[in-house]
Amino acid sequence: MAWDLGAGLDGRVVVVTGASGGIGSATTAAFAAAGARVVAVDLDTDRIGAALAREQVEPALSIAADLSRIDSHADLLEQVSALGPVYALVHCAAVLRRRADVRDITEEDWDVQLDTNLKASFFLCRSVAESMRAAGTQGRIVTFSSQGWWTGGFGGSVVYAASKGGIVSMSRGLARTYGPFGITVNTIAPGQAKTHMLLDGIQPEVLDRMTAETPLGRIGEPSEVAGVAVFLASQHASFVSGATLNVSGGFLMY
Ligand SMILES: NC(=O)c1ccc[n+]([C@@H]2O[C@H](COP(=O)([O-])OP(=O)(O)OC[C@H]3O[C@@H](n4cnc5c(N)ncnc54)[C@H](O)[C@@H]3O)[C@@H](O)[C@H]2O)c1
């Protein structure tokens, strides 16, 4: 084959959710730098604008959507279709509610995290995959798990960890389902990346212990996760599907 060391993403439509978050904004910047036309999705367009200004990047389109409302997905994809067929979905949006004492977890805590992190992910990924299938696009879907899928979580995050375990199983199932159409589905499992989600409410000693157990000896930068998403959507990952990529500085090894 003729090698081209570019990502093969020039002009492609890439949807990034959670785009005002730490990893989502870094991911938007990384795809834009690779030449993609990025659609940035999060709860609020003002917050998307502020986060992407910090990254010094302009998305092709910003859309406000509460993805936990499954009935918002059709309208979202309708707006995206104005740019052309979706080539990749990088689905970063998620919530973490820490409860230091497991006895304090409420049914609402469970529902919010499972609805946003897992249920919405299934319906959004399926809708995007179906649009790729209808358009004949051999596209890419990248989902987000966490080290918690493997460890069960630290710092009061057992429900979040359960939702992220579901992401791994679901993504493998979708990889099997859509592989015959040339669509890949892969998952990124970050360890610790310097974002609001990691740092909000975590006990400093928990973070220090995790950092001490990380061979690279530090917390990751959001851009170090974003680069993995670009790889998974690039032509270099064309035979990678159903994988869970551990991006933890060696905190976990699998
Ligand atoms: N930062 C870490 O150390 C870490 C570790 C493991 C996994 N992750 C995963 O990486 C991904 C990105 O996390 P992050 O650290 O950037 O978090 P973050 O909190 O900075 O960003 C998450 C974004 O998702 C958005 N979001 C939440 N609910 C939404 C909804 N209903 N509809 C639309 N958008 C919604 C938020 O507004 C926020 O901008 C998440 O899936 C997270 O679980 C992060």
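Bin width 5 Å, origin at 0, all Cα-Cα pairs of the chain: what percent of pairs per bin?
With 5 Å bins starting at 0, P(r) equals 1, 6, 14, 19, 21, 18, 12, 6, 3, 1, 0, 0.
For the chain, what is the accessible area per residue in Å² when the probe is 1.4 Å?
Accessible area per residue, the chain: 46 Å².
For residue 3 and residue 176 in one chain, what is 0.36 nm times their gap in residues minus the Cα-Cα distance, to one decimal in nm?
Additional length available on full extension: 59.5 nm.
Assuming 0.36 nm per residue, please report the length gained on full extension of the stretch residue 44 to residue 64 beyond their Cα-Cα distance.
Computed gain between residue 44 and residue 64 is 6.7 nm.
Calculate what fraction, in whole %, of the accessible area of the range 13-247 sits on carbon and sulfur atoms when a 1.4 Å probe is rolled over the protein chains.
That share works out to 52 percent.
With only alpha-carbon atoms counted, please give the Rg and Dmax of the range 121-232, in Å.
When restricted to the Cα atoms of the range 121-232, Rg and Dmax are 16.0, 50 Å.
When only the heavy atoms of the protein chains count and the probe is 1.4 Å, how do 3, 110 rank by accessible area, highest first?
Ranked from most to least accessible, the order is 3, 110.
Keeping all protein chains in the complex and leaving out DNA, RNA and ligands, what accessible area do you get for residue 47 with a 1.4 Å probe, in Å² to the nearest 10?
Solvent-accessible area, nearest 10 Å²: 130 Å².
Can you give the Kirkwood hydrodynamic radius of the range 1-50 from its Cα pairs, in Å with one decimal?
Roughly 11.4 Å, rounded to one decimal.
At 0.36 nm per residue, and after removing the present C-alpha to C-alpha distance, how many nm does the segment from residue 115 to residue 33 gain when stretched out fully?
26.3 nm
Helix by helix, which DSSP H runs in the chain go 20 Å or more along their axis at the Cα atoms and have an average Kyte-Doolittle hydropathy of -0.5 or more?
Length and hydropathy pass: 120-135, 158-178.
Roughly how much of residue 177 is accessible, in Å² to the nearest 10, using a 1.4 Å probe?
Only protein atoms counted, so the area is about 70 Å².
Just report the Cα centroid separation between the range 202-218 and the range 7-73, whole Å.
The two parts, judged by their Cα centres, are 29 Å apart.
Using only the Cα atoms of the range 1-151, construct the convex hull and provide its projected area averaged over every direction, in square nanometres to one decimal.
With the hull built on Cα positions only, its mean projection is 10.9 nm².
By DSSP, what percent of the beta bridges with both residues in the chain are antiparallel, rounded to the nearest 5?
Given both bridge residues lie in the chain, the antiparallel proportion sits at roughly 0 percent.
If you count, for each residue, the other Cβ atoms within 10 Å and average over each peptide, how do 71-84, 179-192, 19-32, 241-254 line up from highest to lowest?
Peptide ranking by packing, descending: 19-32, 179-192, 241-254, 71-84.
For residue 194, what accessible surface area do you get with a 1.4 Å probe? Give it in Å², rounded to 10.
Ignoring ligands and nucleic acids, residue 194 comes out at about 100 Å².
With only alpha-carbon atoms in the gyration tensor, what are the semi-axes of the equivalent ellipsoid for the range 65-179, in Å, largest first?
Result for the range 65-179: semi-axes of 29, 15, 10 Å.
The values are calculated or read from the model by the stated rules, or taken from the named source; none is laboratory data. Being a predicted model, the structure only gives us computed values, none of them experimental. Every residue, glycine as well, gets a Cβ built from its backbone with ideal geometry; the counts of neighbours run over all protein chains shown. Quick note on the areas: whole protein, heavy atoms, side chains included, nothing else; ligands and nucleic acids left out. Shrake-Rupley method; radii C 1.70, N 1.55, O 1.52, S 1.80 Å.
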